[in-house]
1. Read through the list (1) of a type outside the set (Lys, Arg); (2) more than 12 Å from the chain's Cα centre (by Cα); (3) at pLDDT 95 or above, then give the number of the only condition that A:GLU4 fails.
2. Report whether or not D:ALA30 is over 16 Å from the mean Cα position of the chain (by Cα) and outside any helix (DSSP H, G or I).
3. Keeping to the range C:88-106, report how many residues are crowded, with 24+ Cβ neighbours inside 10 Å, without any contact (Cβ under 8 Å) to a residue 12 or more places away in the chain and either more than 9 Å from chain E (Cβ to nearest Cβ) or not in a helix (DSSP H, G or I) (or both).
4. Right, E:SER33: modelled with pLDDT under 95 and not acidic (Asp, Glu) or not?
5. Tell me the residue from B:GLY65, B:GLY72 that is among the small types (Gly, Ala, Ser) and either in contact (Cβ under 8 Å) with a residue 24 or more places away in the chain or in a helix (DSSP H, G or I) (or both), please.
6. Exactly one of these conditions fails for E:ALA44: (1) within 7 Å of chain C (Cβ to nearest Cβ); (2) within 16 Å of the chain's Cα centre (by Cα); (3) of a type outside the set (D, E, K, R); (4) under 27 Å from A:PRO108 (Cα atoms). Give me its number.
7. Is it fair to say B:GLU35 is closer than 21 Å to E:LEU98 by Cα, free of Cβ contacts under 8 Å to residues at least 12 places away in the same chain and away from chain A (no Cβ under 12 Å)?
8. Look through B:ALA115, B:ALA123 and report the one residue that is modelled with pLDDT of 95 or more, more than 9 Å from chain A (Cβ to nearest Cβ) and in contact with a Ser or Thr (Cβ under 8 Å, 6 or more places away or on another chain).
Number of protein chains: 6
Amino acid sequence: MSREERYARGLEVMRRIDTGEVREAVTSVADVSPELAHQIIAWAYGEMLARPVLAPRDRQLVTLGMLAALGGCEPQLELHVGASLNAGLSPEEVVEALLQSAVYCGMPRALNAAAVARKVFAARGIAAPDPAC
Amino acid sequence: MSREERYARGLEVMRRIDTGEVREAVTSVADVSPELAHQIIAWAYGEMLARPVLAPRDRQLVTLGMLAALGGCEPQLELHVGASLNAGLSPEEVVEALLQSAVYCGMPRALNAAAVARKVFAARGIAAPDPAC
Amino acid sequence: MSREERYARGLEVMRRIDTGEVREAVTSVADVSPELAHQIIAWAYGEMLARPVLAPRDRQLVTLGMLAALGGCEPQLELHVGASLNAGLSPEEVVEALLQSAVYCGMPRALNAAAVARKVFAARGIAAPDPAC
Amino acid sequence: MSREERYARGLEVMRRIDTGEVREAVTSVADVSPELAHQIIAWAYGEMLARPVLAPRDRQLVTLGMLAALGGCEPQLELHVGASLNAGLSPEEVVEALLQSAVYCGMPRALNAAAVARKVFAARGIAAPDPAC
Amino acid sequence: MSREERYARGLEVMRRIDTGEVREAVTSVADVSPELAHQIIAWAYGEMLARPVLAPRDRQLVTLGMLAALGGCEPQLELHVGASLNAGLSPEEVVEALLQSAVYCGMPRALNAAAVARKVFAARGIAAPDPAC
Amino acid sequence: MSREERYARGLEVMRRIDTGEVREAVTSVADVSPELAHQIIAWAYGEMLARPVLAPRDRQLVTLGMLAALGGCEPQLELHVGASLNAGLSPEEVVEALLQSAVYCGMPRALNAAAVARKVFAARGIAAPDPAC
């Protein structure tokens with residue numbers, strides 16, 4: 001495949017879970033770091049995240065874990081909370097995955113992750129999860 | 001619930017995904033840090049990981065992501081690669097979840113995680129995944 | 001103890017070092033992640049931080065070290081600089097604890113921590129420490 | 001050398017790569033953490049970064065790597081993107097060094113670093129690098 | 001003060017909490033990185049950790065927090081568990097400080113820190129803390 | 001380019017700085033994670049690190065900074081200390097780059113990095129740098 005074909009495939013894979021925000025964030029750095037924007041789309045989405053072994057929903061569970069653990073990646077976590085909902089995880093499942101970081105990463109990381117989810121849910125008009133959960 | 005009841009519930013939850021290694025690792029520090037051993041079992045497993053919103057298999061996907069991202073948690077990742085298999089993830093799915101850290105955490109973390117999976121698979125006599133994956 | 005009793009004990013423990021900001025930050029995520037808010041108060045404060053082996057002042061020294069080292073936890077560090085003052089550490093002692101991160105975590109983390117302390121001191125009308133320190 | 005002499009030497013070393021922003025950021029915490037401000041200038045610049053074994057340009061390559069990897073140090077990375085240009089690295093070289101974090105630290109850290117470079121370049125009126133690079 | 005005088009002061013400060021292991025670890029890299037060994041003793045101990053604002057015992061509480069949070073610094077944590085005991089913290093206080101990382105850094109970091117304490121206590125013939133703590 | 005062609009280009013790029021150890025480390029996980037091994041060679045080396053904007057020597061300076069900062073990546077740092085020497089950095093320059101992590105990442109990371117350099121130098125029979133440096 002040519003560079004352009006790989007980029008096109010990446011956009012296609014990205015569209016399975018992205019309604020535009022991920023693409024916007026990536027292309028926002030394209031003027032300064034064109035190769036990074038290309039590689040995120042062509043390689044990260046086009047090659048790595050396109051692989052069939054894990055469904056997009058499953059991949060999002062892994063990604064939510066990684067971004068919560070890394071810390072300082074709130075911009076990306078914001079995008080991936082949205083992508084997770086697009087991939088079919090319910091808001092309660094997203095909240096639960098991030099809650100799990102309280103066990104593995106501690107309360108500060110868990111709080112910062114929850115704050116990101118709160119921001120995304122508010123923007124999408126998603127009602128608070130059932131507190132009985 | 002009393003402290004002892006919560007501990008018992010934690011052991012019960014842990015047994016859904018643990019064939020003994022997680023318990024052994026936790027109790028190995030019990031002589032020096034008895035409260036930590038208690039809390040991992042009674043709180044982490046008994047309260048947090050027992051919650052029904054995510055199935056054990058899904059929880060393991062999140063955990064694999066977090067442990068790969070944290071770095072320096074190879075002892076815990078070793079236990080959780082095993083727990084993931086016990087929870088119903090296939091070896092290919094475990095490898096794929098850890099491979100995803102190449103995108104979100106970089107090649108060094110991904111390599112260290114793959115080395116841990118390799119060690120666990122060898123110990124369990126699991127044949128190498130189909131390279132066509 | 002019931003869930004409500006543990007939550008009440010957590011609030012009580014939190015009040016030893018919190019004049020409201022910690023509680024506000026925690027409950028701000030309660031609509032989206034009610035379990036996280038519950039666990040921080042009921043478990044983190046009610047069980048773990050309530051333990052008598054270390055005085056609140058000593059606990060705050062440990063916490064300042066951890067939050068400075070983690071990085072990306074400025075929201076929590078802001079709360080804990082305040083909690084540290086409430087627990088009886090002087091402004092000079094708080095600044096000194098954060099200064100120590102220059103040795104163990106490097107100048108960037110130390111600078112970011114100092115900036116947080118500066119923000120809290122300004123908000124509380126605390127005069128600059130004696131430069132002879 | 002006295003404390004004052006070491007501080008003066010540090011300012012001198014800092015001026016090789018700083019047009020004022022680094023000094024401003026450091027002295028901005030001097031009212032609250034005077035010793036930190038002193039040590040960054042007198043020790044970090046005056047002793048450590050003054051050493052001749054690596055040229056300032058080479059030191060900046062190492063620093064860009066470290067700040068991108070640490071995460072959560074965007075304020076310092078912003079200063080050091082500027083310092084790197086002052087030290088003689090071209091905008092393309094700075095972008096390339098940060099792009100390399102995609103391989104070693106993952107896409108989130110790389111994106112956050114690229115966003116910082118973008119901000120600095122815009123402030124300095126630096127045109128976008130040649131996308132053919 | 002000359003370089004040699006600062007180094008001597010550093011050794012003196014180090015001896016308040018070190019019975020030889022810290023010095024040995026630092027000087028073990030002196031053949032390859034002589035300046036690092038010099039700076040840890042002359043600057044870290046001689047200038048920074050010598051400051052009177054916090055007592056050695058208090059400094060150790062901060063350090064235990066930082067090293068547990070950083071992860072991957074088990075060699076240094078091992079030294080500082082010992083230094084903490086030398087500085088007057090009891091084994092129960094050391095264990096409690098590290099236990100606190102379960103709240104702020106998560107269970108993996110807390111477990112790894114507890115394992116380090118266990119190793120040091122065993123080497124020093126320190127009996128297990130009273131489980132009633 | 002086909003997958004095989006990109007892999008071949010990656011091996012070629014890797015050989016500029018690798019005398020076999022990097023390749024061995026990567027292919028050691030190939031049985032369990034064949035895609036990771038492929039991507040490190042075909043993508044990391046074949047696409048990203050092959051880019052001409054920075055010379056291999058310059059790229060190694062960035063990599064040494066990132067690996068020292070990440071922590072817990074001693075296996076990769078060991079390989080890259082060797083690759084840095086192969087790329088034309090002198091032992092003194094490698095030591096100096098790692099020493100710089102004392103400023104930006106703190107003494108623990110700096111010590112762990114120096115210990116790795118020491119191990120590689122000993123294995124290669126490299127004499128200790130001139131302590132006057």
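The values are calculated or read from the model by the stated rules, or taken from the named source; none is laboratory data. All figures in this text were calculated on a predicted structure; none of them were measured in a lab. Neighbour counts run over all protein chains shown; Cβ positions are idealised from the backbone, glycine included.
1. (3)
2. It is true that D:ALA30 is over 16 Å from the mean Cα position of the chain (by Cα) and outside any helix (DSSP H, G or I).
3. 1
4. Numbers: modelled with pLDDT under 95: no; not acidic (Asp, Glu): yes.
So E:SER33 does not fit the description; no.
5. Step by step, each of B:GLY65, B:GLY72 is checked, and only B:GLY65 is among the small types (Gly, Ala, Ser) and either in contact (Cβ under 8 Å) with a residue 24 or more places away in the chain or in a helix (DSSP H, G or I) (or both).
6. That leaves (4) as the condition not met.
7. Considered against the rule, which asks whether it is closer than 21 Å to E:LEU98 by Cα, free of Cβ contacts under 8 Å to residues at least 12 places away in the same chain and away from chain A (no Cβ under 12 Å), B:GLU35 comes out as yes.
8. Just one listed residue meets the conditions, B:ALA115.
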